[in-house]
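Participant: Once you've had a glance at the structure underneath, I'll fire off some questions.
Since every read-out is calculated from the coordinates, none of them should be taken as a lab result. Everything numeric here is computed off the predicted structure, so don't read it as measured data. Cβ sites come from the backbone with ideal geometry, for glycine too, and all protein chains shown count toward neighbours.
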Amino acid sequence: MFRLFRHARVLMAVAALLMPVMPGPASAAPRPPAAGPSCDKAHRIDKTLKSGARWQMCWDIDRSTGMVLSDVTYTPNRGTPTRVLKSASLAEVHVPYDSGQPRFYDVSAIGFGDLELGTLTKLSKDDCPTGTLSAFRNVPVMCSQEQPRPFAYKSAVEKSVLHGSDLVVFSVSEIGWYDYITEWRFSDDGTITPRSGATGSLSPFQFSDASSGWPTGVGSKRFSENHSHNIFWRLDFDVEGQSKNIVEQYDYRGSGTAKRTTKRTVLTQETAADLAPTRFWRVVNPTALNGDGHPKSWEIDVHDSDQYRGPAETEKFTHHDVYLTTYRGCERLAYGNSAPDCAPSVDAYTNGEKLTDPVAWVSVDYHHVPRDEDQDPMPTHWQGFRIVPRDVTATSQLP
Ligand SMILES: [Cu+2]
């Protein structure tokens, strides 16, 4: 019965594929200047963590991308409020199977935030035992709760230790046999950790063999097919306001040598970039200085991706890991973007324009080789990255 229900879900999802995709909250209107969160109380998250750091933001649900966070503002302990992100959400969840088919585009073709289709999951106190549930159209779909983070620091010299905490905000979307937990962790030290947890059940596709699957059935007669979860996030940065934000890429060169050297590259044009072991990017506002006179910035750290690359003819959007583009209201999804007069995917957004008001598109890919332990229920596997303050405050703000 449960399986039949899930099959019905997928049929509905396929039907939805054939229907016109409703545009997200795209707007060509001029953007208001940065300020505190501009939403009503029902859509506001405002949490002062145990250590004194405060996170404020707005939340909403988009039919395609699910939970959307906006006006994300961090106030360090003893510090002043500083804007990080204008808007942040998923931008695609691409799930291609190793035999070549099927290939799912869960955000653009199905939608993570559809209450009618049943993809956006109703949450209960069991999902959110110590937090607050918030409702979208009277259905509780979003949990925000404070969770401990051991060893915010320990200092033998000062004979002290501090256990920190995170504000954890999440929603859950049921897509086919999978349940995806879309989670954002906002730490008291300013770090933001977007991540996606996939759980639920393995897909029952049983068409594969040892060349593209793993024997999960009794006696190695039945194989579960290997597949990738390629997750794209869209981050519209506004470091202390939208103007004057620039993007730098840092590399620390040297291999087999005693010395390493710093290479700083200012990305003046839209860029499709790839991961490298010591590489990071940062969005800097050169006009916003911390107490040391250093420009405030937020760093994008991605180090844990299987770097999926699909066929060039149909999946060029998978050919790079991080895209940096200039804000355009209609560019919402990494793939299958159906807004009128807009390019269809992130590779096409990246077309050499001057890079101002930067939007970062981050892809973290996980190649899932099923195990016996994945059936059933499947233990959650997580994938994500980090956004870390760099010189937002002049010194550590941990008490
Ligand atoms: Cu999987």
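Participant: Find the relative contact order for the chain and round it to a whole percent, using C-alpha pairs within less than 8 Å whose residues are 6+ positions apart. Kindly include the intermediate steps, with their values, before the conclusion.
Facilitator: Numbers: 996 pairs, mean separation 67.9, N = 399.
Averaging sequence separation for qualifying contacts and normalising by length gives 17 percent for the chain.
Participant: Specify the angular offset, from 0 to 90 degrees and rounded to the nearest 10, of the alpha carbon long axis of helix 2-18 from the longest principal axis of the alpha carbons in the chain.
Facilitator: 70
Participant: Moving to a separate point now. If R₀ is 45 angstrom, what is the calculated FRET efficiency for the pair Q147 and E373, using the beta carbon separation as r and rounding to 0.05? Don't jump to the answer; show the numbers that get you there.
Facilitator: Working: r = 25 Å, r/R0 = 0.56.
Given R0 = 45 Å and the Cβ-Cβ separation, E is 0.95.
Participant: Follow-up. State the Cα centre-to-centre distance between region 237-260 and region 57-129 in whole Å.
Facilitator: One Cα centre to the other: 27 Å.
Participant: What does the extension gain come out to for H294 and T48, with contour length at 0.36 nm per residue minus their alpha carbon separation? Write out the running numbers ahead of the final one.
Facilitator: On the way: separation 246, 0.36 × 246 = 88.56 nm, distance 2.61 nm.
Contour length minus Cα-Cα distance gives 85.9 nm.
Participant: Could you list the GluC sites (Glu not before Pro) in region 128-179 that lie in coil according to DSSP, counting only those with at most 11 other Cβ atoms within 10 Å of their Cβ? Numbers along the way, then the final one.
Facilitator: Working: sites: E146, E158, E174; in loops: E158.
Here the GluC sites (Glu not before Pro) that fit, given the DSSP loop and packing criteria, are E158.
Participant: Could you tell me which of S203, T216, L123 has its Cα farthest along the dipole of the chain towards the positive end, charges placed at Cβ (Lys, Arg +1; Asp, Glu -1), taken about the Cα centre?
Facilitator: Farthest towards the positive pole: L123.
Participant: Can you give the extra length, in nm with one decimal, that the chain gains between T314 and E248 once fully stretched, where that is 0.36 nm per residue apart less the Cα-Cα distance? The partial results should precede the final answer.
Facilitator: Values: separation 66, 0.36 × 66 = 23.76 nm, distance 3.00 nm.
Full extension from T314 to E248 adds 20.8 nm.
Participant: In addition: For the chain, set up a Gaussian network in which alpha carbons nearer than 10 Å are linked by springs, and say which option among P140, P37, P148 fluctuates the most.
Facilitator: P148
Participant: Given Cβ point charges of +1 (Lys, Arg) and -1 (Asp, Glu) and nothing else, what value in debye, to the nearest 20, does the dipole of region 2-390 about its Cα centre take? The partial results should precede the final answer.
Facilitator: Values: 42 positive and 47 negative charges, 200 e Å.
Dipole magnitude for region 2-390 comes out near 960 debye.
Participant: Can I ask one more? With a cut-off of at most 15 other beta carbons within 10 Å, and DSSP calling the residue loop, which trypsin sites (Lys or Arg not before Pro) in region 155-214 qualify? Please list them.
Facilitator: Details: sites: K159, R185, R195; in loops: K159.
The qualifying sites are K159.
Participant: Which Cα, out of N337, P96, I61, lies furthest along the positive dipole direction of the chain (beta carbon charges, K/R +1, D/E -1)?
Facilitator: Result: I61, furthest along the dipole toward the positive end.
Participant: Let me ask something additional. Hey, which of these cross-link pairs are over 20 Å Cα-Cα: K244/K354; K244/K296; K47/K159; K41/K244? Spell out each step's value before the answer.
Facilitator: Values: K244/K354 13 Å; K244/K296 12 Å; K47/K159 29 Å; K41/K244 30 Å.
K47/K159; K41/K244, as the Cα separations exceed 20 Å there.
Participant: For the chain, what Kirkwood radius comes out of the mean inverse Cα-Cα distance, in Å? Write out the running numbers ahead of the final one.
Facilitator: Details: mean 1/r = 0.0451 Å⁻¹.
Computed over Cα pairs of the chain, the Kirkwood hydrodynamic radius comes out at 22.2 Å.
Participant: Still on this structure, please answer the following. In the Gaussian network model of the chain, springs joining C-alpha atoms below 10 Å, which of T261, T182, T193 carries the largest mean-square fluctuation?
Facilitator: Highest fluctuation among the options: T261.
Participant: Which of E183, E313, E299 moves most in a GNM of the chain, Cα contacts under 10 Å?
Facilitator: E313
Participant: Return S89, S345, S243 ranked ascending by Cβ neighbour count within 10 Å, so the fewest neighbours appear first.
Facilitator: Working: S89 29, S345 23, S243 12.
Placing the least packed residue first, the sequence is S243, S345, S89.
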